[in-house]
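To start, the structure under review is shown below, and the notes come after it.
The values are calculated or read from the model by the stated rules, or taken from the named source; none is laboratory data. This one's a predicted model, so the numbers in the text were calculated from it and none came from an experiment. Neighbour counts are summed over all protein chains in view; Cβ atoms, including those assigned to glycine, are modelled from backbone coordinates with ideal geometry.
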Amino acid sequence: MATKKYALKSIGIISLANFYAIFMGLIYFFVGFIYAALNLANLGLLWIIILPLAGLLFGFLMGVITAFVFNLIAGWLGGIEFEVEKRK
């Protein structure tokens with residue numbers, strides 16, 4: 001099979017930030033659910049609200065920072081090369 005080489009040279013900042021926000025929000029939701037079930041710090045159901053919102057905020061900020069740094073470094077180095085192979 002023939003393979004094609006490509007280079008990832010930039011990432012959409014807002015699209016990566018949105019992905020990180022949703023991903024971290026979901027993870028923090030499950031952590032908040034566990035905290036609420038165990039009633040840690042006597043906050044109960046408030047954990048299910050506080051932690052996912054924190055995950056959304058921090059995930060979005062980390063996505064912006066990650067995409068910005070990647071785009072900056074990829075501009076200097078030419079991106080990340082990868083190969084794609086077509087399957088039957």
Original post:
Within the stretch 61-76, how many residues turn out to be among the hydrophobic types (A, V, I, L, M, F, W, C) and closer than 15 Å to LYS9 by Cβ?
Top reply: 8
Subject >> Selection status of ALA21, closer than 30 Å to LYS86 by Cβ, among the hydrophobic types (A, V, I, L, M, F, W, C) and modelled with pLDDT of 95 or more >> reply: no
Original post:
So which of GLY44, GLY75, GLY55, GLY63 is assigned to a helix (DSSP H, G or I) and either without any contact (Cβ under 8 Å) to a residue 12 or more places away in the chain or surrounded by fewer than 14 Cβ atoms within 10 Å (Cβ to Cβ) (or both)?
Top reply: GLY75
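For the stretch 26-42, name all the residues that are over 22 Å from VAL69 (Cβ atoms) and within 17 Å of the chain's Cα centre (by Cα). If you could, list the steps in order and put the result at the bottom.
We begin by selecting, within the stretch 26-42, every residue over 22 Å from VAL69 (Cβ atoms); these are 26, 28-42.
Hits for the stretch 26-42 are LEU26, TYR28, PHE29, PHE30, VAL31.
Which one is farthest from TRP76 (Cα to Cα) among residues in the stretch 1-32 that are of a type in the set (Ser, Thr, Tyr) and surrounded by fewer than 15 Cβ atoms within 10 Å (Cβ to Cβ)?
Just the residues of the stretch 1-32 that are of a type in the set (Ser, Thr, Tyr), to begin with: 3, 6, 10, 15, 20, 28.
After this cut, where a residue has to be surrounded by fewer than 15 Cβ atoms within 10 Å (Cβ to Cβ) as well, the list is 3, 6, 10, 15.
On the way: THR3: 26, TYR6: 17, SER10: 11, SER15: 22 Å.
Only one residue fits best here, namely THR3.
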Original post:
Which residue pairs have Cβ atoms closer than 8 Å, lie 6 or more positions apart in sequence or on different chains, and pair a first residue in the stretch 5-19 that is touching a residue at least 12 places away in the same chain (Cβ under 8 Å) and of a type outside the set (A, V, I, L, M, F, W, C) with a second residue that is assigned to a loop (DSSP other than H, G, I, E, B) and surrounded by 15 or more Cβ atoms within 10 Å (Cβ to Cβ)?
Top reply: LYS9/GLY79; SER10/GLY79
**OP:** Sort out which residues of the stretch 56-80 are small (Gly, Ala, Ser) and either more than 14 Å from the chain's Cα centre (by Cα) or at pLDDT below 95 (or both), and write them in order of number.
**Re:** ALA74, GLY75, GLY78, GLY79
**OP:** Output the number of the condition that LEU45 fails; it satisfies all remaining conditions of (1) among the hydrophobic types (A, V, I, L, M, F, W, C); (2) at pLDDT 90 or above; (3) more than 23 Å from the chain's Cα centre (by Cα).
**Re:** (2)
